[in-house]
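First the structure, in the form of structure tokens, and then the observations on it.
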Amino acid sequence: MNATMSDRKECLACGKVVHGRADKKFCNDYCRNEYNNKLKSATSSLVRTINNTLLKNRRILEITLGEEEMKKTTKERFLQQGFQSKYITHTYVNKKGDTYFFCYEYGYLPLENDWFLVVKRKQD
Ligand SMILES: [Zn+2]
């Protein structure tokens with residue numbers, strides 16, 4: 001019984017044709033390491049960027065709220081400060097069905113006419 005020839009395979013790191021076992025993905029250990037390191041650093045830089053954005057959002061909410069328990073602000077002011085609403089850590093739905101968007105312990109509730117209510121999560 002003949003094993004079916006697999007398609008020509010290319011090294012995931014350098015793109016050269018790989019010879020040998022069908023499951024072989026790299027020319028050699030050097031290419032394997034190159035590939036894995038690149039992957040790892042791309043992942044960690046993505047994670048770092050998102051973490052920084054979340055922390056910046058948190059800081060903006062913290063500054064907006066100050067010592068108050070809740071405070072209204074406008075979408076425009078949020079955007080001026082560099083707030084990026086797509087980066088949040090979680091949401092919270094209250095009994096009325098309102099959805100709050102949180103960055104760590106600080107959150108906001110979108111109100112009518114582009115107003116936002118900023119809150120801080122109480123310790124339980
Ligand atoms: Zn290679």
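A few remarks follow.
- The residue list THR74, SER45, THR64 was ranked by how far each Cα lies along the charge dipole of region 32-83 toward its positive end, using unit charges on Cβ atoms, and SER45 comes out on top.
- Comparing mean-square fluctuations of LEU39, LEU55, LEU109 from a GNM of the chain with C-alpha springs under 10 Å, the top value falls on LEU39.
- For the chain, the solvent-accessible area with a 1.4 angstrom probe is 79 square angstrom per residue.
- Computed over the chain: relative contact order in percent, which uses C-alpha pairs under 8 Å that are six or more apart: 18 percent
- Distance in nm between pseudo-label sites at ILE50 and THR99 (7 Å out along the Cβ direction from Cα): 1.8 nm
- Per-atom-type breakdown for the chain gives carbon and sulfur 50% of the accessible area (1.4 Å probe, protein chains only).
- Rounded to the nearest whole Hz, the Karplus-based 3J(HN,Hα) values (6.51 cos²θ - 1.76 cosθ + 1.60, θ = phi - 60°) of region 113-121 follow the sequence 6, 6, 9, 10, 9, 9, 9, 10, 5, with x at glycine and proline.
- Vicinal HN-Hα couplings computed from phi for region 81-95 (Karplus, 6.51 cos²θ - 1.76 cosθ + 1.60; Hz; Gly/Pro x): 7, x, 5, 10, 5, 7, 9, 9, 8, 6, 10, 9, 10, 7, 4
- Charge dipole (debye, nearest 20) of region 70-124; +1 at Cβ of Lys and Arg, -1 at Cβ of Asp and Glu: 140 debye
- For region 1-72 versus region 100-124, the gap between their alpha-carbon centres in whole angstrom: 32 Å
- Distance between modelled label sites at GLN81 and LYS122, nm, 7 Å Cα→Cβ extension: 2.3 nm
The values are calculated or read from the model by the stated rules, or taken from the named source; none is laboratory data. Because the structure is predicted, anything quoted here is derived from the model rather than measured. Using ideal geometry, Cβ is built from the backbone for each residue, glycine included, and neighbour counts are taken over all protein chains shown. Only protein heavy atoms, including side chains, enter the accessible area calculation; ligands, DNA and RNA are left aside. Shrake-Rupley method; radii C 1.70, N 1.55, O 1.52, S 1.80 Å.
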